[in-house]
1. Comparing Phe132, Phe91, Phe160, which has the greatest mean-square fluctuation in the GNM of the chain with Cα pairs linked when under 10 Å apart?
2. So if I place +1 on the C-beta of Lys and Arg and -1 on the C-beta of Asp and Glu, and nothing else carries charge, what would the dipole magnitude of the range 181-251 be about its Cα centre? I want it in debye, nearest 20.
3. With a cap of 16 neighbouring Cβ atoms within 10 Å, and only residues DSSP puts in a loop, list the GluC sites (Glu not before Pro) found in the range 31-97.
4. Summing +1 for each Lys or Arg and -1 for each Asp or Glu, what net charge is found among the other residues whose Cβ lies under 13 Å from the Cβ of Ala328?
5. Tell me which GluC sites (Glu not before Pro) from the range 122-231 have a DSSP coil assignment and no more than 14 other beta carbons within 10 Å of their own.
6. I need the calculated FRET efficiency for the pair Phe160 and Val116, taking r as the beta carbon distance and R₀ as 30 Å, to the nearest 0.05.
7. Just how far, in whole angstrom, is the range 318-368 from the range 104-175 if you go by their alpha carbon centroids?
8. For the chain, modelled as a Gaussian network with Cα springs under 10 Å, which listed residue fluctuates most, Ser178, Ser310, Ser52?
Amino acid sequence: MDDGLFAAPGAPTGGGGSLSANTTASAPLAVRMRPRTLDELVGQPQLREPGSPLRQLIEDQRSLSLLLWGPPGTGKTTIASIVSRQTDRRFVEVSAVSAGVKEVRAAIESARHELVQGGRETVLFVDEVHRFSKAQQDALLPGVENRWVTLVAATTENPFFSVISPLLSRSLLLRLESLDDDDVRRVVDQALADERGLAGRFTLTEEAATHLVRLAGGDARRSLTYLEAAAGAAAGRGLEEIDLETAETAVDQAAVRYDRQGDQHYDVTSAFIKSVRGSDADAAMHYLTRMMEAGEDPRFIARRLVILASEDIGLADPSALTTAVAAAQAVQLIGMPEAAFNLAHATIALAVAPKSNAVTTALAEASADVRAGKIGPVPAHLRDAHYSGAKKLGHGSTYTYSHDEPFGIAEQQYAPDVVADARYYRPKEIGAESAIKERWERVRRLIRGR
């Protein structure tokens with residue numbers, strides 16, 4: 001299950017009842033610290049602001065089904081629990097991993113019976129709804145349409161691809177974002193102090209806290225799981241302070257010395273780019289995993305790869321840009337940790353690709369000429385000739401339509417006189433660009449009549 005948003009110390013308990021394990025001392029720390037009211041949530045401010053659909057559903061007691069889409073640990077299960085607790089509705093959970101059509105129909109029938117007999121509504125929480133087949137999702141529709149249940153369905157995958165249209169159209173789609181480091185740190189600090197958590201029995205050094213937050217990667221549940229393990233390790237050693245060594249031992253992972261705002265960020269990023277540019281796939285993978293393990297924003301890594309695909313590879317391998325852009329889109333679509341496969345795929349593909357900086361030098365030299373003032377008038381035959389009076393000015397009158405010429409190439413001047421002989425693009429004899437070089441040289445001679 002997914003619980004990502006946790007409670008503030010001393011917050012009041014909401015009305016209603018569900019997930020009674022919240023108050024069970026033997027329950028995992030992440031469960032004990034699950035928020036009980038909307039005001040206790042950490043993160044997702046767009047869902048908590050006054051007048052937001054979620055707040056209206058809770059405060060106005062509306063019967064409205066929700067589809068929660070977001071990465072693990074962002075609070076999907078938590079929100080379902082809060083809806084149940086604050087609206088005094090029964091909480092029934094169905095897992096898409098193990099339940100079939102029979103179980104879904106039984107849950108809805110039970111909710112209908114409860115509503116008819118006692119007047120009490122039910123929150124039906126379906127975790128990982130994208131794993132349901134079409135038939136299983138269809139089985140949810142009667143309960144949603146007749147409002148026998150308040151459906152709260154959670155998914156980590158794009159619902160436009162994984163959820164049937166009738167269910168989408170009958171549900172309010174809420175997008176949840178990964179928690180940032182400040183949010184996760186607040187979750188950890190709350191758990192240290194809260195009576196439901198560690199109740200002040202332990203302190204946490206700054207280095208250990210930073211380590212746990214980085215490892216969590218925006219997943220609050222993971223951060224509390226690590227904190228609980230570290231507290232257990234400290235207790236086993238008779239310590240009241242959880243230091244970095246204890247935290248490393250507890251989660252069996254060494255701290256990565258990497259400051260996303262400091263020298264390490266720039267040094268490791270630089271080494272990553274230079275390793276890909278230098279075609280060392282092994283070194284590139286080292287720096288990639290170093291960044292990911294330290295919790296670097298995967299979108300930042302993806303952007304760097306997209307830039308490199310044109311800057312250092314270009315037309316030597318025209319598929320490089322496609323691969324890099326696909327990886328960047330996958331990061332947005334899938335999120336971490338699964339998107340690590342896509343980043344690794346792109347990193348290795350770009351590292352082993354043939355390299356050419358001809359695109360980079362062409363851009364730099366053309367920009368230098370423009371900045372130096374080499375901006376001559378556009379040749380008359382290339383100017384817009386579609387407006388009244390253009391022909392009297394001689395615009396377009398001598399233009400040669402390329403498709404009417406042999407090979408689809410016309411001999412005529414395209415660049416202004418001041419840069420008519422400039423050679424910006426100079427392809428290299430590397431990879432696919434070697435064939436482009438041969439063709440471009442022939443085409444250039446034809447255009448210039450040489």
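1. Among Phe132, Phe91, Phe160, the largest GNM mean-square fluctuation belongs to Phe160.
2. Computed charge dipole of the range 181-251: roughly 260 debye.
3. Within the range 31-97, no GluC sites (Glu not before Pro) qualify (loop, at most 16 other Cβ atoms within 10 Å).
4. With Lys, Arg at +1 and Asp, Glu at -1, the neighbours total +2.
5. Passing both the DSSP loop test and the Cβ count: Glu195.
6. Rounded to the nearest 0.05, the efficiency is 0.30.
7. 40
8. In this elastic network of the chain, the residue with the biggest mean-square fluctuation among Ser178, Ser310, Ser52 is Ser52.
Each value in this text was obtained by applying a stated rule to the coordinates, not by laboratory testing. This is a predicted model, so every value here is computed, not measured. Counting neighbours? That spans all protein chains shown, and the Cβs are built from the backbone with ideal geometry, glycine included.
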